[in-house]
1. Nearest 10 degrees is fine. How inclined is helix A:31-43 to the longest principal axis of chain A, computing both from alpha carbons?
2. Take the alpha carbon atoms of region A:103-154, find their center, do the same for region B:22-67, and report the distance between the two centers in whole angstrom.
3. In chain B, which helices (entire DSSP H runs) extend 15 Å or more along their own long axis, judged by Cα positions, while averaging at least 0.5 on the Kyte-Doolittle scale?
4. Taking the mean number of other Cβ atoms within 10 Å as a proxy for protection, how do you rank B:18-26, B:166-174 from highest to lowest?
5. Restricting to DSSP H runs of at least four residues, report the calculated mean residue ellipticity at 222 nm for chain B, -39500 (n - 2.57) per run over all residues, nearest 500 deg cm²/dmol.
6. Determine the shielding of peptide A:61-73 by partner chains: average, over its residues, the number of Cβ atoms on other chains within 10 angstrom of each Cβ.
7. Please give the calculated 222 nm ellipticity per residue for chain A, where each DSSP H segment of at least 4 residues contributes -39500 (n - 2.57) and the sum is spread over every residue; nearest 500 deg cm²/dmol?
8. Counting alpha carbon pairs within less than 8 Å and at least 6 residues apart, what relative contact order, in whole percent, applies to region B:72-180?
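Derivation of every value follows stated rules applied to the coordinates shown; laboratory data play no part. Please read all numbers here as calculations on a predicted model, not as lab measurements. Note that each Cβ is placed from the backbone with ideal geometry, even for glycine, and that neighbours are counted across all protein chains shown.
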Amino acid sequence: MSDAEDDLILAELSDEELVPQMHDDLYDGLKEEIEEGVNLLLERGWQPYDILTEALVAGMTVVGRDFRDGILFVPEVLLAANAMKAGMAILKPLLAETGAPTVGRMVIGTVKGDIHDIGKNLVSMMMEGAGFEVIDIGINNPVEKYLEALETEKPDILGMSALLTTTMPYMKTVIDTMVQQGIRDDYIVLVGGAPLNEEFGQAIGADAYCRDAAVAVETAKTMMSRKHNSLVAG
Amino acid sequence: MANALSALLSTRDWLMADGATGTNLFNMGLSSGDAPEFWNVDEPGKIRALYRGAVEAGSDIFLTNSFGANASRLALHDASGRAHELSRIAAELGREVADTAGRPVIVAGSVGPTGEIMEPVGPLSHARAVEMFHETAEGLKEGGADVLWLETISAPEEFRAAAEAFALAGMPWCGTMSFDTAGRTMMGLTSDGLARLVDDLPNPPLAFGANCGVGASDLLRTVLGFAATGPDRPVIAKGNAGVPKFVEGHIHYDGTPELMAEYAVLARDAGARIIGGCCGTTPEHLRTMRKALEDTPPGPRPRLEEIVARIGPFSSDRDGSGEEAGPARKTRRRRG
C-alpha cells in the first residue's frame, strides 16, 4: 500500500523468494508481475510444467480457498484469474511442446435463456488454473449445443451453469436428454449457479452441485481421480 | 409528494410488495429458457393474471414483467431491439390492473441486471450500461409505471449506472441488491456498504433494500444490517420463499406460507417498511403474509438467534457488515 510498494525487483529474488512472491502477486491480480515472474523462471531453466504447478496453480489455490471462505469476492478473483491467464499464455505453447499431462477435459456452458457467464467464466479460469483443459461453449446453450460439444470434444466433465430461477430447470432437460441417448454415464456432470443447491443438483441427476469455482475445482479433481481408479480397477 | 409511492408511504406504516415473477409464470406454463418478457405481447392475459394474483392477495406494490427487458439480456433471444417496447407493454398491462384494483396500488417497473460485468474488471462500460438502463426506463415510464424498481443487482457500479439512467428518465425509483455470497453480494458488497452507496447518490432511491439471495433468514440478517446504519429512507425486504427443490419435475421452493408469514413480521420488526417475497413466493404466500402483518402488533427488533429459531439457519456465519470496508486484502509486495 505505502512505503514498501514498488521497492521490490523480481529479478533480484532467489527462486525460493520469487515463487511465494508470485503467489502474492497472483492474489493481488498483478498481471505484468506474473508475466515477468514466469519469464524469469523460464530464463532460470525451470520446466514449464513446474512453473505452472508450483508458481501459478499453487497461487490460485490460495485465491480459491479465500474465495470459498468469503474473504475474496468475484472482482478480486477475476483479477487474479486474469493474471493467471497471462502467465498461462506464455506457458501454453511450451507445455504443448513438452507434452505435459493434463488433468482432464471439461466442456462448460450456461444454459438456454441465461446470459450470465460470470460464474461460468470463473469456473473456467479456475479449472484452467488447476491444469484442466476447458472448452467454453458460452451462454444460452440449447441441449443440442451441449450434445454436439460432448460429441466433438470428448470431455471427461460437462459443466452447466444457470443464474436465474427461470433457467435452472433447463439443466434437467439436458441431463434427461443425455439419459435418453444412453450417454449420461460417460461424463461427470457438474452444475452450479447462485439459485442452486446440493439437493437440487441431486434431484436433476447431476454428479455434484458446486457452490463456487473453488469447490468446482476440488470436486472435479476428486471425481477425476475416482474415474481413473475405477478404470484401473475395472 | 409528487409520486404515488411516497404518497402511499406517508399514509401507512408498512406496504406489502409482490412475490415471484418467474415461479408464477412457470406455474402458468412458461418454459425454462424462454424470455418471460415475450409474454407481455404474446400472452398478455397471463401477465394480467400474474399482476392480479399479487393485487388480490393484498400487495400494495407489484413489479412489472420486465426484469430481463434490457438490450443485453434480450440479445439472447434475438430481441435486443425490443427493450423499450417490452418494458412499455409490461407497464401498460400493470397500469390496467392497478387502475381497476379499487384501492391505491403501485406499478413498479422492474429493472434487472444486464448480466454483464462492468469495467474495469469486465467489458461493460458505464456509458453503455446507462444507455441500456435508460432505454428500459423510458419504456416503463411511457407505459405508466409509478416508480422504477431496480432489483437483484450485485455490482455497485451497475447500481450507480442505473441510478444515473433513472435520473435521465426523470423517474423516482427504488433499488435492491441480491446478497447471496456469504451475506454479501456476489461482488462483495455488504449491507452497510449498500446503505452508504445509496446515501452518496445524487438521486437517491425512495427506498432501498435486498431481494432474492439465498433464503429468508439471510435476507432478514441483511435487513438488520441496513437498519443498524439508521437509514434515512424506507428499507425493502423481498426474500425468497425458502430454497429451490425439484418436486415432480417442477421447481418448488420449500418455504411454506406459514414460514413466509413469520418472515414478513420479522422483516417489519427488523426495520423494513416495504415487505414482499421473491422467488417461490405465490399469491398463497402473499395472503398469509398480509394477514400476519395486519394481525401481529409490531415487536422489538429480532436478534439473530431468534431469526434462526423461527426461520432457519444462515448460509454463512458472518455477513461482513460492520467489519472493515471491503474484503481483507494483503498488500502488494509484502515480502519486500
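1. 70 degrees
2. Result: 31 Å between the Cα centres.
3. On the way: long enough: B:44-56 (17 Å, -0.31); B:83-99 (24 Å, -0.23); B:126-143 (26 Å, -0.68); B:156-169 (20 Å, 0.26); B:216-228 (18 Å, 1.07); B:257-270 (19 Å, 0.21); B:283-295 (18 Å, -1.35).
TM-like helix candidates: B:216-228.
4. Numbers: B:18-26: 25.6, B:166-174: 19.8.
So the order, starting with the most tightly packed, is B:18-26, B:166-174.
5. It comes out at -12500 deg cm²/dmol, rounded to the nearest 500.
6. 3
7. Value at 222 nm, helices only, nearest 500: -17000 deg cm²/dmol.
8. Dividing the mean separation by the residue count of region B:72-180 yields 30 percent.
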